[in-house]
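Derivation of every value follows stated rules applied to the coordinates shown; laboratory data play no part. The model shown is predicted, which means the values in this text are computed figures rather than measured ones. FYI the Cβ positions are ideal-geometry reconstructions off the backbone, even for glycines, and counts take in every protein chain you see.
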Amino acid sequence: MEFRYILAGQSLTLDTEKCIGCLMCCEVCPHNVFSFAEGKARIADRGRCMECGACARNCPVSALTVTSGVGCTAAVIGGLLKGGEPNCDCDCGTAKSKKVRCC
Ligand code: SF4
Ligand code: SF4
C-alpha cells in the first residue's frame, strides 16, 4: 500500500536556476519525489512528499526549501494505521544514511 500525504508537499519548492544537477536530492529522498531531466532535478510527484526536510538539508546550493517537521508525525500515524512501528522510510540513524539526515 502506498501512502499519499494529504496537503503534504505543499511547502516544497525547487529553484531550477540554482540546481547544479548533483542528484543528492534524488538519493536522499525516501519517497522518490524527484526525477531528473536535462541536468536538473524536477519535482515529479509532490503528493509523495512528507516534508521530512532531507532534500533541503542536503542540497549543496540551497535550491530546495521545505517546511520540515511533519515527517515523524506522518511516520507515527502510518505506524498506527499499519499496526507496526513508526517508519518514515528515510533510514535515519542507519549506517546507510550517515551523511543523510532526515529529522
Ligand atoms: S540536491 Fe540541489 S543541486 Fe543537487 S540535484 Fe537536487 S536540487 Fe539540484
Ligand atoms: S522533504 Fe523529504 S519526502 Fe519531501 S521531497 Fe524532500 S526528501 Fe523527499
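Figures for the structure shown
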item: Peptide ranges 22-31, 59-68 listed from the most packed, as the mean C-beta count within 10 angstrom indicates; result: 22-31, 59-68
item: Net lengthening on full extension, Glu17/Val61 (0.36 nm per residue, minus Cα-Cα); result: 14.8 nm
item: About the Cα centre, charge dipole magnitude for region 10-63 (Lys/Arg +1, Asp/Glu -1 at Cβ), debye; result: 40
